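Input: a single structure, listed below in structure tokens.
Throughout, read-outs are computed from the coordinates displayed, never taken from laboratory work. Worth saying up front: this structure is predicted, and the values here are computed from it rather than measured. Here Cβ is always computed from backbone atoms with ideal geometry, including for glycine, and neighbour counts include all displayed protein chains.
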Amino acid sequence: MPDFPYFKLREDSLLKSPNPIHGRICAVFKHSFDGEFENKVLANFTLKASACSPLSVLISEFPNEISIDMPVEFETNLIRIGRNIFKNQGSLPAQKWPLSISESQSQPQSRISYISESLFPHPSPKTSELYKTISKKLFGMLKCFGKRSQLAEAVLDGAENFFSIHLKQMNSELSNGKTDLNDYIDLFGAGEGLTPSWDDLCTGILLLDRRFQFLGEINGKPPQLSGSRKVILSDPGEFFKKVFLRTTQTSYWQIRLADFGKSSLLLEELSDKLINGNLPAPDALKCINVGHTSGTDILCGMWLRFNSD
């Protein structure tokens with residue numbers, strides 16, 4: 001191990017830039033902190049590799065005397081956080097496949113224009129019986145081990161509450177072929193926490209839907225589209241403008257990444273295993289335990305999307 005503080009970015013990081021990027025620390029947590037950069041791009045600096053998304057930086061240790069508004073500067077081979085310097089120690093492996101772009105072909109903010117050109121591994125042959133079995137297993141694990149937000153109570157326990165009628169409508173739409181998240185815009189920001197419950201649910205739905213979409217073989221050719229999306233954004237530009245105004249900055253970028261089929265390595269890997277007809281219990285439990293109730297709510301979204309296929 002190196003004897004100096006170091007950092008790593010994912011191979012598909014959206015934070016790569018040929019020019020220095022300047023920002024500031026805007027939030028500090030137990031195992032991570034957030035930095036805000038131009039165009040309101042939010043990067044998470046974390047000690048956990050499994051938590052890394054394309055908008056994350058894995059760091060070897062916390063900076064000394066970290067505080068809100070401490071300046072952060074990215075360069076190609078080092079990061080300055082206050083008086084602390086972290087050196088580049090290579091890349092984190094990431095599942096390589098094309099980021100799916102919204103129907104409008106709208107691009108993310110200027111600082112996250114990097115798109116991987118690699119290919120997504122071909123999944124195992126899909127059978128309806130296998131998917132039914134996996135769906136039941138996932139629901140059973142969520143029901144037994146899931147943490148209960150008001151939304152999770154509605155999904156897992158059939159509780160009648162604020163979310164119930166909207167969940168029934170969305171489930172019906174998914175089962176019939178397609179749902180438009182623009183129709184649910186007023187629900188974003190609903191629920192407690194840094195990433196509210198409804199946002200987490202839609203993160204799970206979007207993430208699995210986008211990763212379902214590309215099922216290409218690694219043969220040097222672009223992956224073939226497996227079928228039309230079940231989760232659409234009829235007006236992506238307007239949708240994300242409204243989401244930005246309705247919810248937290250952290251939640252906004254989480255949803256934004258999910259629309260590209262991206263999230264933390266932990267959630268991406270579980271998504272791909274589901275698509276391949278596999279659900280290892282230890283992997284699912286790790287995802288369920290993410291955050292206070294966020295992991296459960298995200299997996300509830302994955303289950304809704306998976307159960308409709």
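Starting from the 7 Å offset along Cα-to-Cβ, what nm value, one decimal, do you get for the label separation of residue 87 and residue 242?
Result for the modelled spin labels: 5.1 nm.
Working out 0.36 nm times the residue gap between residue 286 and residue 137, then minus their Cα-Cα distance, what length gain in nm do you get to one decimal? Provide the component values of the computation, followed by the final result.
Working: separation 149, 0.36 × 149 = 53.64 nm, distance 1.54 nm.
Using 0.36 nm per residue and subtracting the Cα-Cα distance, I get 52.1 nm.
So for 229, 210, 83, fewest C-beta neighbours within 10 Å to most, what's the order?
Numbers: 229 18, 210 25, 83 10.
Result, fewest neighbours first: 83, 229, 210.
Give me the number: length gained by fully extending residue 68 to residue 249, i.e. 0.36 nm times residue separation minus the C-alpha to C-alpha distance, one decimal in nm.
Values: separation 181, 0.36 × 181 = 65.16 nm, distance 1.58 nm.
Gain on stretching residue 68 to residue 249: 63.6 nm.
Can you figure out the FRET efficiency of residue 182 with residue 153, using R₀ = 30 Å and their beta-carbon distance, to the nearest 0.05?
Numbers: r = 26 Å, r/R0 = 0.86.
Once the sixth-power term is evaluated, E becomes 0.70.
In the range 140-211, which GluC sites (Glu not before Pro) are in a loop and have at most 14 other Cβ atoms within 10 Å, using DSSP for the loop call? If you can, show how the numbers build up before the last one.
Numbers: sites: 153, 160, 173, 192; in loops: 160, 192.
Sparse-neighbourhood loop GluC sites (Glu not before Pro): 160, 192.
Tell me, in nm to one decimal, what length is gained between residue 192 and residue 24 on full extension, where the rule is 0.36 nm per residue of separation less the Cα-Cα distance? Working shown, then result.
Working: separation 168, 0.36 × 168 = 60.48 nm, distance 2.56 nm.
The span from residue 192 to residue 24 would gain 57.9 nm if fully extended.
For the pairs 48/143; 136/168; 48/262, note any where the Cα-Cα span goes beyond 23 Å. Walk me through the numbers before you get to the answer.
Values: 48/143 27 Å; 136/168 18 Å; 48/262 17 Å.
Beyond 23 Å between Cα atoms: 48/143.
Using the number of other C-beta atoms within 10 angstrom as an exposure proxy, rank 247, 195, 133, 76 with the fewest first. Display every interim value, and only then the final one.
Numbers: 247 21, 195 25, 133 13, 76 10.
Fewest to most other Cβ atoms nearby, the residues stand as 76, 133, 247, 195.
Averaged over every viewing direction, what's the projected area of the C-alpha convex hull for the range 6-92? Give it in nm², one decimal, please. Provide the component values of the computation, followed by the final result.
Numbers: hull surface 19.7 nm².
Over every viewing direction, the Cα hull of the range 6-92 projects on average to 4.9 nm².
Please list, in order along the range 37-53, the HN-Hα scalar couplings obtained from phi with the Karplus expression 6.51 cos²θ - 1.76 cosθ + 1.60 (θ = phi - 60°), rounded to whole Hz, x for Gly and Pro.
So the Karplus estimates, Gly and Pro as x, are 10, 4, 6, 6, 5, 10, 10, 9, 9, 9, 8, 10, 5, 5, 8, 6, 10 Hz.
Among 261-268, 277-284, what's the highest-first ranking by average C-beta atoms within 10 angstrom per residue?
Numbers: 261-268: 24.1, 277-284: 14.0.
So the peptides 261-268, 277-284, ranked by packing, come out 261-268, 277-284.
If the cut-off is a Cα-Cα distance under 19 Å, which aspartates and glutamates reach residue 241, setting aside same-chain residues fewer than 8 apart in sequence?
Once the sequence-local aspartates and glutamates are set aside, what remains near residue 241 is 36, 38, 103, 180, 183, 186, 199, 200, 259.
Of 244, 260, 162, how do they rank once you tally other Cβ atoms within 10 Å and put the fewest first? Please list the in-between numbers first.
On the way: 244 17, 260 21, 162 14.
In increasing order of surrounding Cβ atoms, one gets 162, 244, 260.
Can you tell me the FRET efficiency between residue 173 and residue 78 if r is taken as the Cβ-Cβ distance and R0 is 41 Å, rounded to the nearest 0.05? If you can, show how the numbers build up before the last one.
Values: r = 48 Å, r/R0 = 1.18.
Efficiency, rounded to the nearest 0.05: 0.25.
When the distances between all Cα atoms of the range 238-309 are binned every 10 Å from zero, what whole-number percent does each bin get?
All Cα pairs considered, the percentages come to 18, 49, 27, 6.
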